[in-house]
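Colleague: Quick one: structure below, then a few questions.
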Number of protein chains: 2
Amino acid sequence: MKITVVQKNFQKALSITERIISRNISLPILHNVLLKTDNNKLIISSTNLEIGINYLIGAKVEEKGEIAIPARILSDFISNIQDEKITLTIKNKVLYINSKNYKTQIIGFDTKEFPIIPKIKEEPIITLPTQILKNAFLSVINSASLLETRPELAGVFTKFTTNSVEFAATDSFRLTERIINQKPNNTGSAIIPRNTVLEVIRILSDIDTDINITLSENQILFSSTDFTIVSRLIDGNYPDYKKVIPEKIISKVLVLKDELEKGVRLASLFTSNISDIKIKVSDNKTEITAKNTDKGELHSSIESKLKNDPFIVSLNYNYLLDGIKAVGSDKVVLQYTGDGSPIVVKKGDEDKLFTYVIMPLRE
Amino acid sequence: MKITVVQKNFQKALSITERIISRNISLPILHNVLLKTDNNKLIISSTNLEIGINYLIGAKVEEKGEIAIPARILSDFISNIQDEKITLTIKNKVLYINSKNYKTQIIGFDTKEFPIIPKIKEEPIITLPTQILKNAFLSVINSASLLETRPELAGVFTKFTTNSVEFAATDSFRLTERIINQKPNNTGSAIIPRNTVLEVIRILSDIDTDINITLSENQILFSSTDFTIVSRLIDGNYPDYKKVIPEKIISKVLVLKDELEKGVRLASLFTSNISDIKIKVSDNKTEITAKNTDKGELHSSIESKLKNDPFIVSLNYNYLLDGIKAVGSDKVVLQYTGDGSPIVVKKGDEDKLFTYVIMPLRE
């Protein structure tokens, strides 16, 4: 290999591909990125066996070639130099990196051991603006289960219907559903692993082109002109979560998001082990209280607007905070569905696209 | 106790006093701050048995009193509310905190168990502007030993001479000396524990008045109108460190601080276990190289100005980086004192106030 690349592009590609590399994985070859020429491009690839990334940057290719290079040291070096142009040459499994101020050699490895990142031949099922996809994932990801006891809950359920894309996640204590009104080219569904969604969110922060989503039997692919991310899917049937979303609302209260969040955070200082706070909603105020026999107690009051009858509920403050944060609006509506029934968090009365359900505390 | 205080002042006092409270200390009373009225003031106190802080804020005192309150929960609560005025009342070992939006109770403890923070009766030995004291401590602190094998090295040696204050620290691998040209009221010396210096640096970041330093036999006191910090001193004789500072300079080289720092940082990626990098200084350039048989090697070159003969040295990159960072100027002078002799880092040729000595690597 003998090629010239622009430092900035190479740095970006490395920072994106390096991120998924697990530090404590047992297969040493996976600590490397694969560098490979392809016409007038350099492909930088990495994988942790669950997710694989290929990232393309422009390159002046004088001689073709490929090598596996320890990701950390290459990324640390390239991201800390300012020289504009970088020449990469391979001789005897060593990568020579030359630029104006630096001459560097990094010892690499044969690419034969590097796992092949699978290709998907299907056509994209939908193309979405980066920001919309990222926000949808951000809305639901906190509800995905951290446990592997029910593997299908450790991911984000994504359903492509005739008119929309529905994202849902639940750990059986709370549930988030986020609907995007964009028309897929086809129907289908997938359970995307929690880690994949987190990585895709991170990577999308650095990307501003539209994203194609392609579905195959057991894999999903996110791609744009510069990169492709392939991930395995979770095998299994996602529960019929729509049954959990209450249809009958008894009362609802409208509050300012920041005030509610602050009240809940302060109350959280005084909760006991089961993390419960009490919310008492009356005509024009919502009172939040928490009590811990060892620490003390707190009582706060915020202005609010009630529809129908006053109500009192006990909630886990963490679940409520996650819901408040996921809302993404200045105001929040809490819907009461009866004693021992779920509480629903919405953006507003007419909001059909975002739903956050908190299951009742079992005392 | 029944008093009213301003939230902002109380928050600042708590954030400063709470910081020294060790989370894993075995004496539970030390997790508390002591609140005590004093005329028209509230004194907030904390101690970790090595350092003690008293911080005073104005208060409208209707009824005197004192209580020990868990520092973390009080500080978390007070720093997260915006209500301007706060009323504090004590009833049956419970602190009632009332403000516009919140009614809170925190369970406290009897103040009898709270250790007395010692008072020093001596007159201040010197008064220094905060910024000067803070920068002097920052210059030397990294050289203080982290080990307790030679307890006297685990602190900053501070010597009050007839015309200046000298700060010095060494872990026997490198040494920093920083001299301040301010005249003390008296002579004396003290070894201030490393942790105390770190805490004083942190606290001074929030303070803008002058600082009085007072010395007693085994304690030191830093004080201003609002607060006093008392710390124990390290017992022992500080080594005669001035003997280590080379008098005879063979060659010296002037480089830009940022370029040298960047070169050393990049070289550090390629060092072996003993962390050594090689610096080769010739007429108008300084070359930095590092080699690791498993990873690869780096060679970089920066412009520089040599006085006298070219030289080559091997150095631990961490020690050199600490010296470069402590310099606090755009340019750095490296002084060569011979093969197997120390390297000295200075701000400039005529700099007598800052000296950083790196002992030679033993191969």
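Read the figures in this text as sums done on the coordinates, not as results from a lab. It should be emphasised that the depicted structure is a prediction, and the values quoted were computed from it without experimental measurement. A quick note on method: Cβ atoms are made from the backbone with ideal geometry, for glycine too, and the neighbour counts reach across all protein chains shown.
Colleague: I need the shape label for chain B. Rule: rounded when a/c is under 1.5, else prolate if a/b > b/c, else oblate, with a, b, c from the alpha carbon gyration tensor.
Modeller: Prolate, since a/c reaches 1.5 and a/b exceeds b/c.
Colleague: To check you understand DSSP bridge types, tell me what percent of the beta bridges within chain A (both residues inside) are antiparallel, rounded to 5.
Modeller: Just about 100 percent of them are antiparallel.
Colleague: Right, next: Using Cα centres only, tell me the gap between the range B:186-257 and the range A:294-344 in whole Å.
Modeller: Cα centres, the range B:186-257 to the range A:294-344: 52 Å.
Colleague: Check which residues have an amide H placed less than 5 Å from residue A:59's amide H, if you skip close sequence neighbours.
Modeller: Here A:41, A:42 satisfy the definition.
Colleague: Follow-up question, since we're still on this one. Be a star and scan the range B:24-61 for residues whose amide nitrogen sits under 14 Å from the point 7 Å along the Cα-to-Cβ vector of residue B:80.
Modeller: Taking a point 7 Å out along Cα→Cβ of residue B:80, no residue of the range B:24-61 has its backbone N under 14 Å.
Colleague: Now, a different point. In the range B:70-149, how many lysine pairs have Cα atoms under 16 Å apart, counting only pairs 8 or more places apart or on different chains? Each step should come with its number before you reach the end.
Modeller: Numbers: B:85/B:100; B:85/B:103; B:91/B:103; B:93/B:112.
Eligible lysine pairs with Cα atoms under 16 Å apart amount to 4.
Colleague: Convert each backbone phi in the range A:3-11 into a coupling constant with the Karplus relation 6.51 cos²θ - 1.76 cosθ + 1.60 (shift: θ = phi - 60°), then list the ³J(HN,Hα) values in order as whole Hz, x for Gly and Pro.
Modeller: 9, 10, 10, 8, 3, 4, 5, 5, 4
Colleague: Using θ = phi - 60° and the Karplus curve 6.51 cos²θ - 1.76 cosθ + 1.60, what whole-Hz ³J(HN,Hα) does each residue of the range B:344-351 get, with Gly and Pro shown as x?
Modeller: Per residue, the Karplus-derived 3J(HN,Hα) values read 10, 9, 9, 5, x, 4, 9, 6 Hz.
Colleague: Taking only C-alpha pairs under 8 Å that are 6+ residues apart, what is the relative contact order of the range A:246-358 in percent?
Modeller: Relative contact order, the range A:246-358: 30 percent.
Colleague: Just to be sure I follow: if Rg is taken over the C-alpha atoms of the range A:246-358 and Rh is the Kirkwood radius over the same atoms, what is Rg/Rh?
Modeller: Checking Rg against Rh, the ratio lands at 0.94.
Colleague: Still on this structure, I have one more. Each label point is 7 Å from the Cα along the Cα-to-Cβ direction; what then is the distance between the points at residue A:235 and residue A:113, in nm?
Modeller: It is 2.8 nm.
Colleague: Determine the calculated [θ] at 222 nm for chain A from helices alone, applying -39500 (n - 2.57) to every DSSP H run no shorter than 4 residues and normalising by the residue count; nearest 500 deg cm²/dmol.
Modeller: Roughly -5500 deg cm²/dmol at 222 nm, from the helical runs in chain A.
Colleague: Can you pick out the pairs among A:12/A:36; A:12/B:325; A:12/A:41; A:262/B:41 whose Cα atoms lie more than 26 Å from each other?
Modeller: A:12/B:325; A:262/B:41
Colleague: Also, quick follow-up: Which distances, in nm and shortest first, link the residue A:87 label point to the same label point in every other copy, taking 7 Å along Cα→Cβ?
Modeller: 8.0
Colleague: How big is the Kirkwood radius of the range A:93-208, worked out from every pair of different alpha carbons and given in Å to one decimal? Kindly include the intermediate steps, with their values, before the conclusion.
Modeller: Values: mean 1/r = 0.0588 Å⁻¹.
17.0 Å is the Kirkwood radius here.
Colleague: Shifting gears a bit: Pop a pseudo-label 7 angstrom from the Cα along the beta-carbon direction at both residue A:314 and residue A:278 and give the gap in nm to one decimal.
Modeller: 0.9
Colleague: Could you tell me the center-to-center distance, by alpha carbons, between the range B:64-82 and the range B:104-122 in angstrom?
Modeller: Taking the Cα centre of the range B:104-122 as reference, the centre of the range B:64-82 is 14 Å away.
Colleague: Using every alpha carbon pair in the range A:164-314, what percent of pairs falls into each 10 Å bin from 0 up to the bin containing the largest distance?
Modeller: 9, 25, 25, 21, 17, 3
Colleague: For the residue pair residue B:49 and residue A:63, what label-to-label distance in nm results when each label sits 7 Å from Cα along the Cα-to-beta-carbon direction?
Modeller: 6.8
Colleague: Right, here's the next one. Output wanted: per-residue J couplings in Hz (rounded whole) for the range B:53-70, from phi through Karplus 6.51 cos²θ - 1.76 cosθ + 1.60, θ = phi - 60°, x for Gly and Pro.
Modeller: 10, 10, 10, 9, 10, x, 8, 8, 9, 8, 8, 5, x, 7, 7, 9, 10, x
Colleague: Just in the range A:2-36: which trypsin sites (Lys or Arg not before Pro) are loop by DSSP and have at most 11 other Cβ atoms within 10 Å? Show your work: numbers first, answer last.
Modeller: Numbers: sites: A:2, A:8, A:12, A:19, A:23, A:36; in loops: A:19, A:23.
Here the trypsin sites (Lys or Arg not before Pro) that fit, given the DSSP loop and packing criteria, are A:23.
Colleague: Leaving out same-chain residues fewer than 8 places away, which aspartates and glutamates sit with a Cα under 16 Å from that of residue A:331?
Modeller: Leaving aside aspartates and glutamates fewer than 8 places away in the same chain, those within reach of residue A:331 are A:258, A:259, A:261, A:303, A:322, A:349, A:350, A:351.
Colleague: Once the label point is set 7 Å along the Cα-to-beta-carbon vector, what list of distances in nm do you get between residue A:309 and its counterparts in the other copies?
Modeller: Reported distances to equivalent positions: 9.8 nm.
Colleague: Now for a different question. Restricting attention to the range B:212-242, which chymotrypsin sites (Phe, Trp or Tyr not before Pro) occupy a DSSP loop and are surrounded by at most 14 other Cβ atoms within 10 Å? Before the final figure, lay out the partial values.
Modeller: Values: sites: B:222, B:227, B:241; in loops: none.
Answer in residue order: no site qualifies.
Colleague: Per residue of A:289-296, count partner chain C-beta atoms within 10 Å of its C-beta, then hand back the mean as an integer. Let's see the in-between values first.
Modeller: Working: counts 1, 1, 1, 3, 1, 2, 6, 14.
For this peptide, the per-residue mean of nearby foreign Cβ atoms is 4.
Colleague: Let me ask another. Say R0 is 60 Å: what FRET efficiency, to the nearest 0.05, do residue A:258 and residue B:307 get from their beta-carbon distance?
Modeller: Efficiency computed from Cβ-Cβ geometry: 0.45.
Colleague: Sorted from shortest, what are the nm distances separating the label point of residue B:235 from equivalent points in the other copies, each placed 7 Å from Cα along Cα to C-beta?
Modeller: Label-point distances to the other copies, shortest first: 6.9 nm.
Colleague: Kindly identify the range A:238-287 as rounded, prolate or oblate by the Cα gyration tensor criterion: order the square roots of the eigenvalues as a ≥ b ≥ c, call it rounded if a/c is under 1.5, otherwise compare a/b with b/c, prolate if a/b is larger, else oblate. Don't skip to the answer; put the middle values down first.
Modeller: Details: a/c = 2.29, a/b = 1.35, b/c = 1.70.
Note, shape of the range A:238-287 comes out oblate.
Colleague: Using all Cα-Cα distances in the protein assembly as shown, what percent lands in each 10 angstrom bin from 0 up to the longest?
Modeller: The calculated distribution, bin by bin, is 3, 12, 15, 16, 19, 19, 13, 4, 0.
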